[in-house]
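Trainee: One structure, as structure tokens, below. Some questions next.
The values are calculated or read from the model by the stated rules, or taken from the named source; none is laboratory data. If you're wondering where the values come from, they're calculated on a predicted model, not measured in any experiment. Every residue, glycine among them, receives a Cβ derived from its backbone with ideal geometry; neighbour counts consider all protein chains shown. These accessible areas exclude ligands, DNA and RNA; they are computed on the full protein's heavy atoms, side chains included. Shrake-Rupley method; radii C 1.70, N 1.55, O 1.52, S 1.80 Å.
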Amino acid sequence: QVQLVESGGGLVQAGGSLRLSCAVSGRTFSTTYRMGWFRQAPGKEREFVSRITWSTGSTSYADAVKGRFTISRDNAKNTVYLQMNSLKPEDTAVYYCAAGRAVTTNPQMFDYWGQGTQVTVSS
């Protein structure tokens, strides 16, 4: 099993920044995993935000966040981060961390999920 615990959400004004963290643990976790950030706004489907391959550091971003968000990982702390800058009201959502083996943006292909953290951006 793999456990994921997100933190760092909150309320911020438009144009502000937040950094989300995802602490990873579990005996079956492997550096071959891809770590993803997804978000889900009320009444909308869960959507891909960003992904990082733990072993190589290779990253991918949704067009809506490209240039504003940065995903990274700290091997020593077994933690994945999502630095979010220039936040917009449309970034408001519950943000989830996920882990899986497939190279995909499809949330259904990720095996493990955190509980989510709320991000609210006021205008």
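Trainee: Taking the conditions exactly as written (farther than 21 Å from Q1 by Cα, surrounded by fewer than 17 Cβ atoms within 10 Å (Cβ to Cβ), more than 15 Å from the chain's Cα centre (by Cα) and at pLDDT below 95), does T56 satisfy them or not?
Mentor: yes
Trainee: Quick one: D63 ticks every box in (1) at pLDDT 95 or above; (2) closer than 21 Å to S7 by Cβ; (3) open to solvent by 70 Å² or more (accessible area, probe 1.4 Å) except a single one, so which number is it?
Mentor: Only one criterion is unmet by D63, namely (2).
Trainee: Within region 78-104, take every residue that is surrounded by fewer than 18 Cβ atoms within 10 Å (Cβ to Cβ) and modelled with pLDDT under 95 and give me the one that is nearest to E45 (Cα to Cα).
Mentor: The residue in question is T104.
Trainee: Now for a different question. Would you be able to tell me the number of residues in region 66-77 that are closer than 17 Å to C22 by Cβ and open to solvent by 60 Å² or more (accessible area, probe 1.4 Å)? Give the steps one after another, and end with the answer.
Mentor: Within region 66-77, the first condition is being closer than 17 Å to C22 by Cβ, and the residues that meet it are 69-77.
With open to solvent by 60 Å² or more (accessible area, probe 1.4 Å) added as a condition, the list becomes 70, 73, 75-77.
Count: 5.
Trainee: If I ask for residues that are loosely packed, with under 14 Cβ neighbours inside 10 Å and more than 15 Å from the chain's Cα centre (by Cα), which ones from region 3-13 would you list?
Mentor: L11, Q13
Trainee: Could we say that G57 is more than 23 Å from V121 (Cβ to Cβ), among the small types (G, A, S) and in contact with a Phe, Trp or Tyr (Cβ under 9 Å, 6 or more places away or on another chain) here?
Mentor: no
Trainee: Restricting to region 29-53, give me the number of residues that are closer than 19 Å to Q115 by Cβ and either surrounded by 13 or more Cβ atoms within 10 Å (Cβ to Cβ) or modelled with pLDDT under 95 (or both).
Mentor: Final tally of qualifying residues: 15.
Trainee: Name the pairs whose Cβ atoms lie under 6 Å apart, with the first residue in region 79-99 and in contact (Cβ under 8 Å) with a residue 12 or more places away in the chain and over 13 Å from G8 (Cβ atoms), the second surrounded by fewer than 20 Cβ atoms within 10 Å (Cβ to Cβ) and hydroxyl-bearing (S, T, Y), and 6 or more positions between them or separate chains?
Mentor: N85/S17; P89/S123; T92/T120; A99/Y112
Trainee: Follow-up. Would a scan of region 112-120 turn up a residue that is surrounded by 20 or more Cβ atoms within 10 Å (Cβ to Cβ) and without any contact (Cβ under 8 Å) to a residue 40 or more places away in the chain?
Mentor: no
Trainee: Can you pull out every residue in region 19-28 that is farther than 20 Å from R101 by Cβ and open to solvent by less than 30 Å² (accessible area, probe 1.4 Å)?
Mentor: L20, S21, listed by residue number.
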